[in-house]
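Student: I'd like to ask you about the structure that follows.
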Amino acid sequence: MTEGTGRKRLCRLFSVKRAAAAVTAALCIVAAPSCSTIDMSTEALMSPPRPTKQQEEIRLALTEALGTEEFDLRTPRTGGSAVAYNDLYGSPVFEATVLYSLKSSPDETRVHVLSRNADEEWATVCDFAPPEGGTVERLEFAYIEPTGYAQIVLGTSLYSGRGSALSVWSLDTGKPESVWSSSYRQIVCEDMDGDDMDEIITFNSISDGTGAAVTGTAVDMIGYSTADSCVKIKSSVLLDVYFTAWLQVMTGKLDTGSMAVFLDGRTGTDTYATEVVAVISGTLVKIFGTGCPTRNIAVTCRDINGDGSPEVPVQEIMTGYADAAASDRLPRIDWSSCGIAGLTARSVSAVNMKWGYILEIPERLVGEVTVLSEEEDDAWTICMWDSDKQSTSRKVLAVRSFISREWEEKKELYPEQTVFARQGNVCYTVEFYRKDMISEEELKKLFTAI
C-alpha cells in the first residue's frame, strides 16, 4: 500500500468512525434515557440548536485568533459545513478548516486552519483568502500531490459575478501554498486514472472568440506530473455541446472498466443531453463524438442495476405511439450502458416526470405492452399491445399517484387500489388485472421513485 493510499483509507475510516460514533450517541439518547436528559420544555423547543462542544471550541479558538467576535461562519453554497476536518500536513490529529467572513467584509470568505497543540487546544496554523474569488461555493479535499496529505480545493464565485474560480492549496509545510488556480463551471475531484492520487476535472464554456456566442465546453484534467514535479493539465478535450443549465455531474465506470464523468444538462428550452468523458490510458476521451444522446424530458443518468456503471437515458417512442401526434407521444427511455463502442440498451422504462417515478418494462414484455397515460386520473395503465390490429387489448395493471392527504380522503372510492410505495408526501397505488403477468413483488422491483 502506498503512503497516499494509506492516508486516503485512514481519512475514510476516520469519517466512518465519526459517523458510527454519532449514530451510537443518538441511539444512546433514544434507547436509554439515563444516558442523557432531554429538555422538552417549550423554551427549549423554540430555541435554536446549540453548537456541539467541538463547534464551540472552534468558534472560541477563531475568536481568539482574530481578536474579534465580529465574524460569521460561511457554509459553502453547494452544501457541506463551514468546518471540515482532514489531515493537511501529517500532524497526529486532523486539522480543522474553517470558512468565515468578517462582518466588515461580508463578501469575502476567508479560510482559517486550526490544529490541536500539545495542550490539546486548537491553535492557528494559517489564515488566507482565495485571491480570485469572494463567496466560497464549494470546499473539498484532494490527494492531488504525492505527499500523503490532503490538499484544500476551493471553488469561489468571482467578484465580477462572471464565473467561478478554482484554487488548490497545499499546507505540506504548514503554510498555505497555491498549487493550482483556474476558472470552472463544474468540478469533479476523484482518482480517475488509478494512480492513487486524485485528479480534478474542470468544465468551462468556450465562446466564438467575440464573446457573442457560446460554442461548446472545454474539459481539462488537472493532476500531478511526476516528470515535471508539479500540478498541471494532464489532458484536455473539447465538447461540442453547451449546457445552458447543469442537471447532474456524476462519476462511474464504463462497461469496459474505465472511469468516466457523466454529464446531464439542458441544451435548449425543452431539450436535454448527456455527455460522457472517459479517462483511458491517462487521456480524456469524449465517448459520443458529435452525436450525444438528446431527449425532451429532464431525466438524468443513473445506475439502474447497481453495478457501479451509470446507465445513459436514451429517448425512444413508446410502443404504439409512432403514429400519434408528437405532443401526444409517450416517451420510452432505454437505459443504456456506455462503452468505447457507444451505447447498449440494458432496460426499457416509462418515466413519469409529473409524479416522479420510473416504471421499468420487464424484458420479456418489451414490445408486447404499452403504457396509457390517463392524466385526469393521474394513472398509468400497462396494457397488452396487438401489433396486428395496432391497438391495445387486455390491461395488466394500473398505477395511480396521490398526495398522501388526498389518498386518505379518497381511498374508500378506490377499494381495488392498494398502496405499494411512498415517496415524501406522495403515495403510489396499484390495481392488478393480470398478476400472472406482473406480480406485486415484481412491480416493486420495476418501480423506482425519483
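Bear in mind these aren't lab numbers, they're just calculated from the coordinates by the rules spelled out. This structure is a prediction, so every number in the text was calculated from the model and none was measured. In this analysis, Cβ positions are derived from the backbone assuming ideal geometry, glycine residues included, and neighbour counts consider all displayed protein chains.
Student: With charges only on Cβ, +1 for K and R and -1 for D and E, what is the dipole size of the chain about its Cα centre, in debye, rounded to 20? Working shown, then result.
Tutor: Working: 42 positive and 65 negative charges, 53 e Å.
The calculation lands at about 260 debye.
Student: Which value, in debye to the nearest 20, gives the size of the charge dipole of the range 203-354 about its Cα centre, when Lys and Arg are +1 and Asp and Glu are -1 at the Cβ? List each step's numbers first, then the result.
Tutor: On the way: 11 positive and 15 negative charges, 37 e Å.
Here the size comes out at about 180 debye.
Student: Right, another one. Under 5 Å between amide H atoms, partner at least 5 residues away or on a different chain: which partners does Ile450 have, H built in plane at 1.01 Å?
Tutor: Sorted by chain and number, the residues that satisfy this are Tyr357, Ile358.
Student: How do the peptides 424-434, 226-236, 328-338 rank, highest first, by the average count of neighbouring beta carbon atoms within 10 Å per residue? Can you show the working numbers first?
Tutor: On the way: 424-434: 16.4, 226-236: 13.2, 328-338: 19.6.
Those peptides, ordered most packed to least, come out 328-338, 424-434, 226-236.
Student: Also, I was wondering about something else. Taking only Cα atoms and a 10 Å spring cutoff, compute GNM fluctuations for the chain and point out the largest among Lys286, Lys410, Lys253.
Tutor: Maximum fluctuation in the GNM of the chain, among the listed residues, is at Lys410.
Student: For the range 263-307, with only Lys/Arg (+1) and Asp/Glu (-1) charged at the beta-carbon, what is the dipole magnitude about the Cα centre, in debye rounded to 20? Intermediate values should be presented prior to the final figure.
Tutor: Numbers: 4 positive and 5 negative charges, 23 e Å.
Computed about the Cα centre, the dipole is about 120 debye.
Student: Which one of Trp180, Asn425, Pro415 is farthest out on the positive end of the charge dipole of the chain, using unit charges on Cβ (Lys, Arg +1; Asp, Glu -1) and the Cα centre as origin?
Tutor: Of the candidates, Pro415 comes out farthest on the positive side.
Student: Determine ³J(HN,Hα), in whole Hz, for all residues of the range 108-124 in sequence, where each value follows from phi through the Karplus function 6.51 cos²θ - 1.76 cosθ + 1.60 and θ = phi - 60°; x replaces Gly and Pro.
Tutor: For the range 108-124, the Karplus-derived couplings read 10, 8, 10, 10, 10, 10, 10, 9, 6, 9, 4, 8, 6, 10, 6, 10, 5 Hz, x marking Gly and Pro.
Student: Additional query: What residue among Ser393, Val261, Asn204 has its Cα farthest toward the positive end of the dipole of the chain, where the charges are +1 on Lys, Arg and -1 on Asp, Glu, each on the Cβ?
Tutor: Final value for the positive-end residue is Ser393.
Student: Relative contact order for the range 311-439: what percent, with Cα pairs under 8 Å and sequence separation of 6 or more? It would help to have the intermediate numbers written out before the result.
Tutor: Details: 225 pairs, mean separation 19.0, N = 129.
The normalised contact order for the range 311-439 reaches 15 percent.
Student: Could you work out the local net charge near Ile333, counting Lys and Arg as +1, Asp and Glu as -1, over the other residues with Cβ closer than 9 Å to its Cβ?
Tutor: Values: positive: Arg295, Arg332; negative: Glu316, Asp334.
Surrounding charge for Ile333 is 0.
Student: Given the options Ser404, Ser183, Ser309, which has the most mean-square fluctuation in a GNM of the chain, springs set between C-alpha atoms less than 10 angstrom apart?
Tutor: Of the options given, Ser404 has the highest mean-square fluctuation.
Student: If you compute mean projected area of the Cα convex hull in nm² for the structure shown, which of (i) 19.3; (ii) 73.7; (iii) 29.7 do you land on?
Tutor: Matching entry in (i) 19.3; (ii) 73.7; (iii) 29.7: (iii).
Student: Could I ask something else about it? Farthest toward the dipole's positive end in the range 241-376, which of Cys338, Leu365, Val299, given Cβ charges of +1 (Lys, Arg) and -1 (Asp, Glu) about the Cα centre?
Tutor: Positive-most Cα among the choices belongs to Cys338.
Student: What list of ³J(HN,Hα) couplings, whole Hz, do you get for the range 167-173 from phi and the Karplus terms 6.51, -1.76, 1.60, once you set θ to phi - 60° and write x for glycine and proline?
Tutor: Computed from phi, the couplings for the range 167-173 are 9, 10, 10, 9, 10, 4, 9 Hz.
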